[in-house]
Amino acid sequence: MRAFDIVMIGNRVCTTLDRLGAQIGGLSVQSDDRITIRTPDFELCIDNKADFHVATLERPAAHFLALTLTRFEPTGEEDGPCNQSIMAHVLQTLHRSLSPDYVQWIDPLALLSSADFEMATTMPEEEPMLEQLSCDDCAGATKIMSRRHILPSIEETNLMLQARLRSGDPVEGALRATFRKNQAAPRISTDDIREKTTPLRLTVWLLTITLGLFALPMAAALTVFNLLRGENLRLTSQTAALTGTFIAFQTFGTTASAMSALQSMLG
């Protein structure tokens with residue numbers, strides 16, 4: 001029997017997005033149950049659905065506030081945690097103002113009670129260290145600093161959820177899997193020096209063939225290196241430049257002078 005003010009909800013979400021650094025481009029109230037918030041990067045739609053069926057509830061929810069975040073550009077792997085962080089901040093703002101019975105997080109099976117969501121998105125109370133307090137704050141050093149209304153980062157939330165969600169419950173497992181998603185970055189091998197594109201590899205071989213017209217032994221050595229380690233344009237260019245320099249020294253008869261100068265520089 002609760003009444004929801006969709007404009008009030010939109011204004012509070014806009015305040016949260018502004019606090020996160022998102023530039024609000026527009027707020028469109030399309031009906032009494034639907035509002036759209038636009039930024040340069042994404043669009044956030046909020047719908048109030050009546051008598052909505054939730055998979056893990058026996059009876060339909062009288063009111064179901066659905067949030068949909070859509071990126072204007074194709075979503076990359078690095079956007080996953082960012083989108084989840086935005087949704088987590090918005091959900092916590094709405095949770096604090098509307099006090100819902102349940103909160104559904106990403107996965108349809110990840111349905112948390114209001115108390116569980118509050119515990120998953122707040123930091124535990126901490127006592128400040130005395131050496132970190134100024135003289136004016138020493139009198140209140142024994143007071144506990146509450147962080148109940150500060151939403152931690154997505155990494156901190158993930159750590160708290162991993163510590164709490166240890167049971168085999170499917171809802172908790174789905175929530176834990178959602179927070180783990182896209183967290184492990186692919187390992188980049190530092191041993192592979194091969195150029196990534198075909199045109200660059202073809203350029204390496206053309207430079208190697210050109211080098212063979214002037215210095216066949218260097219071209220042969222570079223060919224063996226390319227076959228064993230892969231084509232690297234930087235190494236090939238440096239080899240060609242050094243070979244051309246010494247060919248020029250030999251042509252003008254200044255090789256001995258150049259070697260003497262190099263030896264004097266090296267000591």
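The values are calculated or read from the model by the stated rules, or taken from the named source; none is laboratory data. All figures in this text were calculated on a predicted structure; none of them were measured in a lab. Glycine also receives a Cβ, built like all others from the backbone with ideal geometry; neighbour counts cover every protein chain displayed. Each accessible area value is taken on the protein alone, full model and side chains, heavy atoms only, with ligands, DNA and RNA left out. Shrake-Rupley method; radii C 1.70, N 1.55, O 1.52, S 1.80 Å.
Laid out as a table, the results:
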item	result
Stretch gain in nm, segment HIS95-ALA248, where the contour uses 0.36 nm per residue and the Cα spacing is subtracted	47.5 nm
The stretch 1-71, dipole about Cα centre (Lys/Arg Cβ +1, Asp/Glu Cβ -1), debye to the nearest 20	120 debye
Heavy-atom surface of the stretch 10-61, accessible at 1.4 Å and reported per residue (Å²)	60 Å²
